[in-house]
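Since the structure comes first, as structure tokens, the remarks are kept for the end.
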């Protein structure tokens, strides 16, 4: 009887820990991502991205945006080729490194003079919006568009950019 209770308590504790981690992990990831942005740490920011998945999702979005007649096999080869090359060029670790090596990328994004607020970081007000069991969007307050994260093992990676109308 005592063994059964102990086993039940252990199982309940494991379930509570797993559920707590499932609830908290997107918020912990979002906090780490925000800190990397505020510190302007290109290596840390790049570490959050899964470039293969990001390229695949961006390619699909670009192809979905082509006119209907271009969706047929063998049509609009130049547009498809150029869009695929543009996505591959943009969504790569090298391109992100180049983007984040510019002097004022932070200020350009967040509209802050010198790239920072008076507190040394941006006044970023991000929210986590759960979009599925293994996905969430990190978007600005009251805007559900932003960075789309997908669970990869125990980690979360940016695999797409979410538009507000996709939610």
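Any read-out appearing in this document is the output of simple, stated calculations on the displayed coordinates, not a laboratory observation. Just so we're clear, the structure is a prediction, and the values are computed from it rather than from any experiment. Cβ atoms come from the backbone with ideal geometry, glycine included; neighbour counts cover every protein chain shown.
Computed from the Cβ-Cβ distance with R0 of 22 Å, the FRET efficiency linking residue 15 to residue 44 stands at 0.10. Ranked by the mean number of other Cβ atoms within 10 Å of their residues, highest first, the peptides 75-82, 64-71, 50-57, 156-163 come out as 156-163, 50-57, 75-82, 64-71.
The label-point distance for residue 99 and residue 66, in a model that sets each label 7 Å from Cα toward Cβ, rounds to 2.3 nm. The label-point distance for residue 152 and residue 52, in a model that sets each label 7 Å from Cα toward Cβ, rounds to 0.9 nm.
A crude spin-label estimate for the pair residue 27 and residue 89, with each label 7 Å from Cα along the Cβ direction, gives 4.3 nm.
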